[in-house]
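S.K.: This is the structure I have questions about; it appears just below.
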Amino acid sequence: MSARPSAVTYDADTGVLLLDTPRTSYSAYVGRADDIPVHTYWGPPITAEDAAYLATTTAARLASEWECFRSAANRHEEYPLDGGLQFGRAALSVEFPGSVRSIEWRLARHEITAGPGHQELALWFEARHQELTVALYYRVHDDSDVIDRWVVVRNDSTTDAVDVHRLDSAAWVTPEQPRHRMTHLTGRWAAETQVRRTDLADGHLVLESRRGITGHHANPWFAIDDGTATEESGRVYSATLHWSGSWRMLAQRELDEPAQVLFGWGHEGFGPRRLEPGEMLKTPISSGLFTAGGFGAMSHAWHEYALRHVLPNSGELRPVLFNSWEATGFDVDEVGQRALARQAADLGCELFVLDDGWFGRRSGDRAGLGDWWVNTDRFPGGLKPLIDEVHALGMGFGLWIEPEMVNPDSDLYRAHPEWTYHYAGREPHTMRHQLVLNLARTDVAEWVFGELDALLSANDIQFVKWDMNRPFTDAGWPEQPDRQGRLWLDHVTGVYGVIDALRRKHPGVAFEACSGGGGRVDFGIMARTDQFWPSDNTDALDRRYIQHGFSHLYPVRTMSCWVTDLPTFINKRRVPLTYRFHVAMAGVLGIGGDLNAWTAEETQEARRLIAQYKEIRHIVQHGRLHRLGEPGRSASAVQYVTADRKESVVLVYQEAQQYDGNPAPIRLRGLAPGGRYRVDGGPVLSDAVLSGALLLGHGITPQLTGDYASTLIRLELLD
Ligand code: DGJ
């Protein structure tokens, strides 16, 4: 299917809306009698005549249904409101004076605007009986099939505040089909982004974070298919939310109706968020995507969108880093870190990251958070001597911080206990002995910015690991009882504001998003950071599952992966060094082990593999990822192919040998069928020249024997 220009059209006479992306169309109409926007289509390209036909037939069909007991548009709504003839869950629920909650639409105007590479449509509605304006926004891109949606709501009253109980970014309607199978990412700490599939029942399915962060337990993304899609085929509808705090995804279905998925910030019951007279509120973006080539094509489209429209500096090659956490824990000092830095540089690392323990009175997790001054017992000359040595060794320097937190045992807390979330007269609950700072307060956010700005101004730092190690509890703001409902939103925008300001002032500093591993992995934080720490679990086998799920939405270029020591702290497993490297080389390679304890053989092997990674990382970090099978099933692989199909890397893994012999051939993807490739991957595949047709149609037979066996295969197009 050839790509075509993206376009946005709205016919004011018929109320028909049509969004065209290079390979998809999306259409809806605004009801002529009730102004309810109704979804009609999302799929392969259609014409304006098709969209008009769909509007007429959908309206006629909805009108012909027995009207008692059902909603006016019955799960076909583009954005269901609370009230009127609506009986499903609402995307927008506002409480007006007198406890009135019902809103009815009146379309006021539409607006189409174009910017470089994109076009936007805004449908502006007024509430028929209240002073409230709501705009539904749509954006299409010239180079992506992803559609961005968001909503703006304005309280037009000059006298009365209203309470917003729910304000979703979008409702995504997927077609009526016998099955609605939802793929989503579940997890927990140290077990993030696990792929799950479940059929939607008639009723509701809610995935959400109630924790103030994106969360380890669910990631804000879903994909719906009819139960038949595979990695390589099938129609898949997916969507995500660009937001790093609490969120809710609610899928609702009624018998024989489409699935309608509401997606937005704030967990159920987070609010209300008071909207003052004249105040306007804009939701985060929810992006949706239709793809016809299975889960593989879906991931390619998301990755390309993320690299083109979300991730800053996405064209960079990320350096190989060393991180001190698993090597030295809280026991960091200048002498020890300088020794590690020398060893890391000798291995070929390019960035040395000093993790937790360098500040305040931090000798464990009970004290120090909030006191962002260098601990001079541990670093007598400040950080400068270490940074200078790291730079002299040819590496960049990175530093760990956890700016949203405070330990009760800290100078900051003793001075400002009121800066934390708490309820008046009650002891707040600590987790990991720490409390969350109220970054919804502008004075606290300004203080955090000041501390970090001073740190980055005083030290020559190239990388910041921004951590966040506990969810919200006791989410009170006693001095501002009217603002309690908004802290769930304003904390996140406070964090965004601090990072954005730091990036503007210190453009040479890259940021890693971390929240006890992958507790804050989403497109909202991706827009202002350079990579993610996907999990604290560095066990290579567990990590394969985590990386497999992560790759469904997030590009490899953002996935930081470390090689660490044995046994892994998480599950005491022991797997060979080469397998550990091959798993970490599937993303942005890092080293997190205690290099003092590595044997000469391990050091030599690590040096070789790091050098090899540098040769292939442009393919891994910037190529197209193909998932060849799933972890844990006999042999499986991940393959990366450059855009010109000239180079490819395949990392093949066998977790457990079953019976005798080698694994079956693995069919490759994405290569030029008519090309000839030089294949280099170990003794049997050394310098073989094979046709693209054979590699795609029959595959390669990896020579793997035993448990935790792995190999790296390189392919280069000869002609
Ligand atoms: C949690 C992070 O995920 C770890 O990598 C490490 O930075 C610790 N916090 C430090 O406290």
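S.K.: Quick one: dipole size for the range 649-716, taken about the Cα centre, charges +1 on Lys/Arg Cβ and -1 on Asp/Glu Cβ, in debye to the nearest 20.
M.R.: Dipole size: approximately 340 debye.
S.K.: To continue, here is another question. For D411 and A33 in the same chain, what is the full-extension length gain: residue separation times 0.36 nm, less their Cα-Cα distance, in nm?
M.R.: Gain on extension, D411 to A33, equals 129.8 nm.
S.K.: If you wrap the range 213-283's Cα atoms in a convex hull and average its projection over all directions, what's the area in nm²?
M.R.: 7.3
S.K.: Let me ask something else. Given a Förster radius of 45 Å and the C-beta distance between R483 and C68 as r, what FRET efficiency does 1/(1 + (r/R0)^6) yield to the nearest 0.05?
M.R.: For R483 and C68, the calculated efficiency is 0.55.
S.K.: If you don't mind, another one. What length, rounded to one decimal in nm, is gained on full extension from K505 through to R573, with 0.36 nm per residue of separation minus their alpha-carbon distance?
M.R.: 20.1 nm
S.K.: Excluding residues fewer than 8 places away in the same chain, name every one of the aspartates and glutamates whose C-alpha is closer than 19 Å to that of K384.
M.R.: K384 reaches D331, D333, E334, E350, D355, D356, D371, E451, D453, D460.
S.K.: Would you work out the Kirkwood radius for the range 325-435? I mean one over the mean of 1/r across all pairs of different Cα atoms, in Å.
M.R.: Over the range 325-435, the inverse of the mean reciprocal pair distance is 15.1 Å.
S.K.: A further question on this structure: Once the Cα atoms of the range 579-719 are picked out, what are the Rg and Dmax in Å?
M.R.: When restricted to the Cα atoms of the range 579-719, Rg and Dmax are 15.2, 50 Å.
S.K.: A further question on this structure: Using C-alpha positions alone, give me the convex hull volume of the range 664-710 per residue in cubic angstrom.
M.R.: 71
S.K.: Have a look at the chain and give its Rg and Dmax from the Cα atoms, expressed in angstrom.
M.R.: Rg and Dmax of the chain, Cα atoms, are 26.6, 80 Å.
S.K.: Between E279 and R308, what is the label-to-label distance in nm when each label sits 7 Å out along the Cα-to-Cβ direction?
M.R.: That separation, rounded to one decimal, is 3.7 nm.
S.K.: Around S209, what is the net charge, scoring Lys/Arg as +1 and Asp/Glu as -1 over all other residues with Cβ under 15 Å from its Cβ?
M.R.: Within the 15 Å Cβ shell, the charges total +1.
S.K.: Please find the FRET efficiency linking T133 to V206, where r is the Cβ-Cβ separation and R0 is fixed at 22 Å, and quote it to the nearest 0.05.
M.R.: So the FRET efficiency works out to roughly 0.15.
S.K.: Could I get the Rg over Rh figure for the range 581-640? Both from C-alpha atoms, Rh via Kirkwood, rounded to two places.
M.R.: Ratio of gyration radius to Kirkwood radius for the range 581-640: 1.04.
S.K.: Once each part is reduced to its C-alpha centroid, what is the distance from the range 348-384 to the range 403-463 in angstrom?
M.R.: Rounded to whole Å, the Cα centres lie 16 Å apart.
S.K.: If you filter the range 553-661 for chymotrypsin sites (Phe, Trp or Tyr not before Pro), then keep DSSP loop positions with at most 10 other Cβ within 10 Å, what is left?
M.R.: Counting only loop positions with at most 10 other Cβ atoms within 10 Å, the chymotrypsin sites (Phe, Trp or Tyr not before Pro) in the range 553-661 are Y659.
S.K.: Here is a follow-up. For the charge dipole of the chain, defined by +1 on Lys and Arg C-beta atoms and -1 on Asp and Glu C-beta atoms about the Cα centroid, which residue among V310, N375, V195 has the Cα displaced farthest towards the positive pole?
M.R.: Projecting each Cα onto the dipole axis, the largest value belongs to V195.
S.K.: Taking the range 67-108, how much of its Cα-Cα pair set, in percent, is spaced more than 14 angstrom apart?
M.R.: The answer is 47 percent, as a whole percent.
S.K.: 5 Å is the cut-off here: which amide hydrogens, built 1.01 Å from N in the peptide plane, fall below it relative to M405, excluding neighbours closer than 5 in sequence?
M.R.: L437
S.K.: In Å, what is the Rg of the alpha-carbon atoms in the range 487-578, and how long is Dmax?
M.R.: 15.4, 47
S.K.: Taking N as the number of residues in the range 296-386, what value does Rg over Cα atoms divided by 2.2 N^0.38 Å take?
M.R.: Taking the Cα Rg and dividing by 2.2 N^0.38 Å, one obtains 1.46.
S.K.: If you take the square roots of the eigenvalues of the alpha-carbon gyration tensor of the range 1-107 and sort them as a ≥ b ≥ c, do you get rounded (a/c under 1.5), prolate (a/b over b/c) or oblate?
M.R.: Verdict is prolate for the range 1-107.
S.K.: Evaluate the Debye formula for the range 415-573 with equal point scatterers sitting on the alpha carbons, no solvent, and hand back log10 of I(q)/I(0) at q = 0.08, 0.09, 0.11, 0.21 Å⁻¹, in q order, two decimals.
M.R.: Here log10 of I(q) over I(0) equals -0.29, -0.36, -0.54, -1.33.
S.K.: Which of L18, G396, L489 sits farthest toward the positive end of the charge dipole of the chain, with +1 on the Cβ of Lys and Arg and -1 on the Cβ of Asp and Glu?
M.R.: G396
S.K.: Report the extension gain between D256 and Y659 in nm, rounded to one decimal, defined as 0.36 nm multiplied by the number of residues separating them, less their alpha carbon distance.
M.R.: My answer for the length gained is 140.3 nm.
S.K.: Report, in debye and to the nearest 20, how large the dipole of the chain comes out about its Cα centre when Lys and Arg carry +1 and Asp and Glu carry -1 on their Cβ.
M.R.: Computed about the Cα centre, the dipole is about 1120 debye.
S.K.: Now, a different point. Considering the convex hull of the alpha carbon atoms of the range 106-161, report its projected area averaged over all viewing directions, in nm², one decimal.
M.R.: Mean shadow area of the hull around the Cα atoms is 4.6 nm².
S.K.: With only alpha-carbon atoms in the gyration tensor, what are the semi-axes of the equivalent ellipsoid for the range 412-498, in Å, largest first?
M.R.: They are 24, 14, 12 Å, listed largest first.
S.K.: Please work out the FRET efficiency for the pair D331 and H391, using the Cβ-Cβ distance as r and a Förster radius of 22 Å; give the result to the nearest 0.05.
M.R.: 0.40
S.K.: Moving on to the next point. Roughly how many Å is it from the Cα centre of the range 120-158 to that of the range 63-77, as a whole number?
M.R.: Using only Cα atoms to place each centre, the spacing works out to 24 Å.
S.K.: Still on this model: Apply the Kirkwood formula to the range 73-191: the hydrodynamic radius equals the inverse of the mean of 1/r over all pairs of different alpha-carbon atoms; give it in Å with one decimal.
M.R.: That comes to 16.5 Å for the range 73-191.
S.K.: From the square roots a ≥ b ≥ c of the eigenvalues of the alpha-carbon gyration tensor of the range 223-264, which class results: rounded (a/c under 1.5), prolate (a/b over b/c), or oblate?
M.R.: Taking the square roots of the gyration eigenvalues as a ≥ b ≥ c, the range 223-264 is oblate.
S.K.: Now a separate question. If you count, for each residue, the other Cβ atoms within 10 Å and average over each peptide, how do 397-409, 419-431, 688-700 line up from highest to lowest?
M.R.: Ranked from most to least packed, the peptides come out as 397-409, 688-700, 419-431.
S.K.: Also: Can you give the three extents of the C-alpha atoms in the range 140-184 along their principal axes, from longest to shortest, in whole Å?
M.R.: Projected onto its principal axes, the Cα set of the range 140-184 covers 48, 31, 20 Å.
S.K.: Report, to two decimal places, the Cα Rg of the range 75-138 normalised by 2.2 N^0.38 Å (N = number of residues).
M.R.: Its radius of gyration relative to the 2.2 N^0.38 Å reference: 1.28.
Here, each number is a calculation from the coordinates, and none is a lab measurement. Bear in mind the structure is a predicted one, so any value in this text is a computation, not a measurement. Methodologically, a virtual Cβ is constructed for each residue, glycine included, from the backbone with ideal geometry; neighbour enumeration extends over all protein chains shown.
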